Amino acid sequence: MNLTQELGRAIGNAATILPPDVVRSLEAARDREEGPARVQLEAILENVHIARGGRVPICQDTGTITFFVKAGTKFRHLDALVRALPEAARTATKDVPLRPNTVHPFTGKNPGDNTGRSIPAITWEMVEGDGAEVHILPKGGGSENCCALKMLPPGVGLKGVKEAVVEHVVSCGGLPCPPTVIGVGIGGGADLSLKLGKKALLRPLGERHPEPEVAALEAELEELINASGVGPMGLGGKTTVLAVHAEYAHRHPASLPLGIVVQCWAHRRATVRIRADGKLEVA
C-alpha cells in the first residue's frame, strides 16, 4: 500500500477532473440560460473538457488542500495515514503540478509545496469499523473570501437564518465565480457551524439531507438565491447557485451560529477509501 502515491493521485484527480454530478448540474444550468449567462456556462464546460483531456488544473487557483477523514476505531494504518496526508500534498504539487498556495501570515513566505503550519487542514472523525475514508476538498481563495460567520440572535429563528444566507450570498455577487455551491452550517458553536458548512459540500449535488425539514430548507434557499438574478459570473441569469447543502448541530439556548461556506463553480473533490487489508479505492 502506497498511501502517499494514491492520495497524491486523488488530489490530482480533484484538481483536474470535475465530478460528474457537478458537470451535470452545469450542463442543466447552461440549458436553461440564454445570452451572456449561457455564454459563460458554455465557456466553463469547455474549460472542464480541456482540463480533463489534458490532465491540467481546472482553475489556475488550485486551492488550499483540505482533508476530511473518517477513520475506524480499529483502523490499523492510522500512523501511515497521518504521515501520508501532508506528503501527498507535496507530491501532487510537484506532479500535477499545483500552484503553491500557502504563505506565512506574517512574513508572506511561501514554502512552495502547499503545506505549512496546520495546512493541509485536516478534520478527523472517529467512527466504528476497521477502514478509513478520506475526502479531499481543494478550496479556492476567491470563494473562501466570501465565506461568513453570522452569530444570530436565537429569536430570529429559521426565518432569520434564511434571510441571512440569501442576503449574504447575493451580496457577494460575482466575486466567488458563480454559479456556486453553498454549504450552510447551523448551530453548534462559531467554529463548528463553519466546519459543518464545509462538510456539507462533500455531499454530491442533487443529494438532499436525509431529514425532510433540512431538505426543505435546502430547496427553499436554492430557489430564493436563484431568484436574485445574480447569475453566472455575476452577469445576470437564472442560476446563481447549483446547490445549497445544510448541516446542523445542537446549540446553546442563547446562541444561533450560522456558518455560510461558499464554493465556486469548480466544485472540486475526490475520495479515497482504505480497507482494513490496505487496499485502496480512489473515487
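Tabulated data for the structure shown
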| quantity | calculated |
| --- | --- |
| Yes/no for N110 being crowded, with 16+ Cβ neighbours inside 10 Å and either aromatic (F, W, Y) or not in a helix (DSSP H, G or I) (or both) | no |
| Every pair of residues 6+ apart whose Cβ atoms lie under 9 Å, when the first sits in region 35-59 and is under 21 Å from T239 (Cα atoms) while the second is aromatic (F, W, Y) | L41/W265; I44/W265 |
| Top-ranked residue in region 254-275 [being under 22 Å from L217 (Cα atoms) and of a type in the set (S, T, N, Q); ranked as surrounded by the fewest Cβ atoms within 10 Å (Cβ to Cβ)] | S255 |
| Segments classed as strands (runs of 3 or more DSSP E), wholly inside region 216-283, with at least 2 members that are at pLDDT 95 or above | 241-251, 256-263, 270-274 |
| In region 151-190, the residues that are surrounded by 18 or more Cβ atoms within 10 Å (Cβ to Cβ) and either part of a strand (DSSP E or B) or on the phi > 0 side of the Ramachandran plot (or both) | C177, T180, V181, I182, G183, V184, G185, I186, G187, G188 |
| Residue among G188, G231, G236 that alone is in contact with a Ser or Thr (Cβ under 8 Å, 6 or more places away or on another chain), farther than 15 Å from A148 by Cβ and not charged (D, E, K, R) | G231 |
| Residue match in region 62-79 (condition: in a helix (DSSP H, G or I), more than 21 Å from L194 (Cα to Cα), in contact with a strand residue (DSSP E or B) (Cβ under 7 Å, 6 or more places away or on another chain) and hydrophobic (A, V, I, L, M, F, W, C)) | yes |
| Tabulated pairs, region 92-107, first among the basic types (K, R), second surrounded by 19 or more Cβ atoms within 10 Å (Cβ to Cβ), C-beta under 6 angstrom, 6+ apart or interchain | R99/T62 |
| Residue among R24, R38, R30, R52 that is out of contact with any helix residue (DSSP H, G or I) (no Cβ under 7 Å at 6 or more places or on another chain) and of a type outside the set (F, W, Y) | R24 |
| Selection from region 115-148 of residues that are farther than 24 Å from H77 by Cα and part of a loop (DSSP other than H, G, I, E, B) | G140, N145, C146, C147 |
| Output for region 65-88, where each listed residue is surrounded by fewer than 18 Cβ atoms within 10 Å (Cβ to Cβ) and either among the hydrophobic types (A, V, I, L, M, F, W, C) or farther than 25 Å from A200 by Cβ (or both) | K74, R76, L78, D79, A80, V82, R83, E87 |
| Unmet requirement for E213, which otherwise passes all of (1) surrounded by fewer than 18 Cβ atoms within 10 Å (Cβ to Cβ); (2) in contact with a helix residue (DSSP H, G or I) (Cβ under 8 Å, 6 or more places away or on another chain) | (2) |
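Results for (1) acidic (D, E); (2) buried (at least 22 other Cβ atoms within 10 Å of the Cβ), shown as yes or no for each residue.
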{"position": "Q5", "(1), (2)": "no, no"}
{"position": "G35", "(1), (2)": "no, no"}
{"position": "N47", "(1), (2)": "no, no"}
{"position": "D61", "(1), (2)": "yes, no"}
{"position": "R90", "(1), (2)": "no, no"}
{"position": "T93", "(1), (2)": "no, yes"}
{"position": "T102", "(1), (2)": "no, no"}
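The values are calculated or read from the model by the stated rules, or taken from the named source; none is laboratory data. Everything numeric in this text was worked out from a predicted model, so none of it was measured. Glycine gets a Cβ as well: all are built from the backbone with ideal geometry, and neighbour counts include every protein chain shown.
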